[in-house]
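A quick write-up on the structure given underneath.
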Amino acid sequence: LKPETGRSAESGMAGRGALVDWSVSLFENRIKNLIGFDSVIFRANNIDSARIRGLELQAGASLAGWRTHANLTLQDPENRSGRANRGKDLPRRSRESLRLDMDREFGRLGAGASLLAAGKRYDDLANIEPMDSYVTLDLRGHYRMTGNWIIQARAENLLDQDYETAAHFNQPGRGLFVTLAYQH
């Protein structure tokens, strides 16, 4: 494999209002020798030339005691090599993704939720092997028992969504976790 090299440009604006903090960014990345997994030969390989351009929108606000944050990314991950796959989407990169977070403190208690949605994408350079879009929902909470001891619980992929971020590599189903932590 050859090392990746690239150039990036980004332009953005951000603001803080009475109710909402926000930002808007336009970006473009041009990459030579992008390292990507080629599912046809089943190994990592260089993509001669790639361009990823897009728009990222972020907003955050406090509503009824809840701190909320949203992030939307729209991108065009294009294979720009001079080969047969020119103009195809880069493998394993969705054109759109959305993340929503909400968190709140209730004295010693804290609660939160995260929703992640990712659009369809392809696992291969030729864009023949599609991968489905997916949505996951995570919940979290904690209780501060004393000044230093905290018990945390989280439920990941609460909807038990079957999804893959790479073909044939299933992501975990629903998971429940409890942690006892000492913070000094």
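The values are calculated or read from the model by the stated rules, or taken from the named source; none is laboratory data. On a predicted model such as this, the values are computed, not experimentally measured, just so you know. Every residue, glycine as well, gets a Cβ built from its backbone with ideal geometry; the counts of neighbours run over all protein chains shown. For the accessible areas, the whole protein counts, side chains as well, though only heavy atoms, and no ligand, DNA or RNA atoms are used. Shrake-Rupley method; radii C 1.70, N 1.55, O 1.52, S 1.80 Å.
Observations
- Listed by position, the strands (runs of 3 or more DSSP E) enclosed by the range 1-80 that each have at least 1 residues that are touching a strand residue (DSSP E or B) at 6+ places or on another chain (Cβ under 6 Å), open to solvent by less than 40 Å² (accessible area, probe 1.4 Å) and free of Cβ contacts under 8 Å to residues at least 24 places away in the same chain are 5-16.
- Residues that are more than 26 Å from G65 (Cβ to Cβ), surrounded by 16 or more Cβ atoms within 10 Å (Cβ to Cβ) and of a type outside the set (D, E, K, R) within the range 116-154 comprise A118, G119, Y122, L125, N127, M131, Y134, listed in sequence order.
- Extreme residue, modelled with the highest pLDDT, among residues of the range 81-108 that are surrounded by 17 or more Cβ atoms within 10 Å (Cβ to Cβ), in a loop (DSSP other than H, G, I, E, B) and of a type in the set (G, A, S): S94
- Entry remark, the range 86-101: residues being touching a residue at least 12 places away in the same chain (Cβ under 8 Å) and either of a type in the set (D, E, K, R) or more than 22 Å from Y163 (Cβ to Cβ) (or both) number 8 in total.
- Residue check, A113 in contact with a strand residue (DSSP E or B) (Cβ under 9 Å, 6 or more places away or on another chain), open to solvent by less than 40 Å² (accessible area, probe 1.4 Å) and of a type in the set (A, V, I, L, M, F, W, C): yes
- Test for S23: is it farther than 28 Å from D124 by Cα and within 22 Å of the chain's Cα centre (by Cα): yes
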